[in-house]
Amino acid sequence: MLARPHAVAIAPVYSILASPLHLATVDVSSTADFDPRLAWQEEDLLMNSFGAFLKRKFGGRTQRVSIDAGFTCPNVDGAVAKGGCNFCDNRSFSPSRRVRLRQVSEQLQSGMTSVRERYDKVASFIAYFQPATNTYAPVEQLQEVFELAMSLDEQVVGLAIGTRPDCVPESVLSMIQRLAAETYVSLEYGMQTIHDEGLVWMNRAHSHADMVNAMDRSRGRGFECCAHVILGIPGESYEMMMQTAHEIGVLGFDAVKIHNLYAVKDTPLGQQVLDGEIEMMKRDDYVKTVVDFLERIPAEVVVERISGDAPRNFLIAPQWCREKSKLRIDIEAELRRRGTRQGSNFVPPAVRPEDRPVPDDLTPQAIRNQIETRGRLPVLKMQE
Ligand code: SF4
């Protein structure tokens, strides 16, 4: 049973308006407007874990199947920059690469088969468009490939779409909104940090203002918005990482994926690590920082990841991130030791996310042109 050292009410309880030094509680057993996003607090969990969220939502084990739909990235093809992010192995992305629709369906089918072989009972699957920027193609093609995934198997209950904050013009968001009326959709934004110095260091080729703009146009459209965050960026202090944590609540993200900075082979970052120019965060520091991060984000936010890693053959450093389960155990042990949980130190923003004004679309013209008028299409409908 989860210790609730600050709680005074009889269960079920959840925290409200907790300041860093004060965790208030309220009895919700009789309230008609109980927020189902807080159901995890009644399940003795320390955070709003993704696995439990999916189980609650879809009634059983739900697995993601990663799909490479052949898209490229405006940070690779020159629309906004070349070379890509310093941690990203993007050598295979190219405007000329072709993935047939049939290959997309084959990836999904074979991914589902592997998962079924591994686990006894799988209730459902989410088609996860993961590599590259999966909103960077003409809207009709994006819709075609997403609808294909949705219709392939009745066990496919949703989509997860990874993208950049500068790559979601209104036309794309409207299309995703239409899909979200029919199925579960999570739009995953590479926010990484709110600090532009860190974004420049990573060669992201977008600013945090782009992220703010994208979220203020994405919120409330019926799909979930997930922020990818990296902890341990060189030059970022503890306070800066906590400011990024606070921004999760400011912008109203529905979910977060927290990654430690890690380096893989054949990337600029990997080379810098091999040359001794960059040092990775120490494991103990990461555990404490993730716990501090979790304490500062809203309890309603689904925590989809608390660390990042790569296959043994590709990973350069840090090696400790390979032991994901142990890391999770230590992160939860630290929360238990402190007597806190996700959201314990959340400070609500001055303006509620839903009250933030919706700004004009700031998608760069070069990206908009590629999305609307691209001549060489990344996904082709083939005859076979
Ligand atoms: S934006 Fe994403 S896909 Fe593009 S280079 Fe960076 S990490 Fe890779």
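Observations on the structure shown:
- With all pairs of different C-alpha atoms in the average, the Kirkwood value for the hydrodynamic radius of region 41-127 is 15.8 Å.
- Extreme residue, positive dipole direction of region 42-380, given options 264, 119, 350 (C-beta unit charges): 119
- Long pairs among 121/326; 55/265; 82/324; 257/326; 257/288, criterion Cα-Cα beyond 28 Å: 55/265; 82/324
- Seen against the Cα atoms of the chain and their longest principal axis, helix 283-296 is set at about 80 degrees.
- Computed over every Cα-Cα pair of the chain and binned at 20 Å starting from 0, the pair-distance distribution P(r) comes out as 27, 60, 12, 0 percent.
- Bridgeable aspartates and glutamates around residue 282 (alpha carbons under 18 Å apart, same-chain partners fewer than 8 residues away excluded): 236, 239, 292, 309, 323, 330, 332, 334.
- Rounded to 10°, Cα long-axis angle of helix 139-151 versus longest principal axis of the chain: 60
- In plain terms, the residue of 191, 47 with the fewest other Cβ atoms within 10 Å comes first and the most crowded comes last, giving 47, 191.
- The chain, helix-only ellipticity at 222 nm - DSSP H runs n ≥ 4, -39,500 (n - 2.57), divided by all residues, nearest 500: -10000 deg cm²/dmol
- Whole-Å distance, taken between Cα centres, linking region 276-316 and region 192-255: 15
- Within the chain, 73, 167, 225, 226, 321 have no other Cys Cβ under 4.7 Å of their Cβ and so lack a disulfide-compatible partner by this rule.
- With contacts taken as Cα pairs under 8 Å and at least 6 residues apart, the chain reaches a relative contact order of 22 percent.
- Dipole check for region 42-380: with +1 at the C-beta of Lys and Arg, -1 at the C-beta of Asp and Glu, and the Cα centre as origin, the magnitude is about 860 Debye.
- DSSP bridge pairs, region 211-355: antiparallel proportion in percent, nearest 5: 20
- Exposure proxy for 112, 240, 211: other Cβ atoms within 10 Å of each Cβ, ordered fewest to most, give 240, 112, 211.
- The loop-placed GluC sites (Glu not before Pro) in region 113-174, going by DSSP, that have at most 15 neighbouring Cβ atoms within 10 Å of their Cβ come out as 154.
- Each of 66, 174, 325 has some number of other Cβ atoms within 10 Å of its Cβ, and from fewest to most they run 325, 174, 66.
- Cα gyration tensor category, rounded, prolate or oblate, for region 230-384 with a/c compared to 1.5: oblate
- Scanning residues 5 or more positions from residue 49 or on other chains, those with amide H under 5 Å from its amide H are 303, with H placed 1.01 Å from N in the peptide plane.
Each reported figure results from applying straightforward, stated rules to the coordinates on display, with no laboratory input. Note that the coordinates shown come from a computational prediction; the quantities given were computed from them, not determined experimentally. All Cβ positions, even for glycine, are placed from backbone atoms using ideal geometry, and neighbour counts span all protein chains on display.
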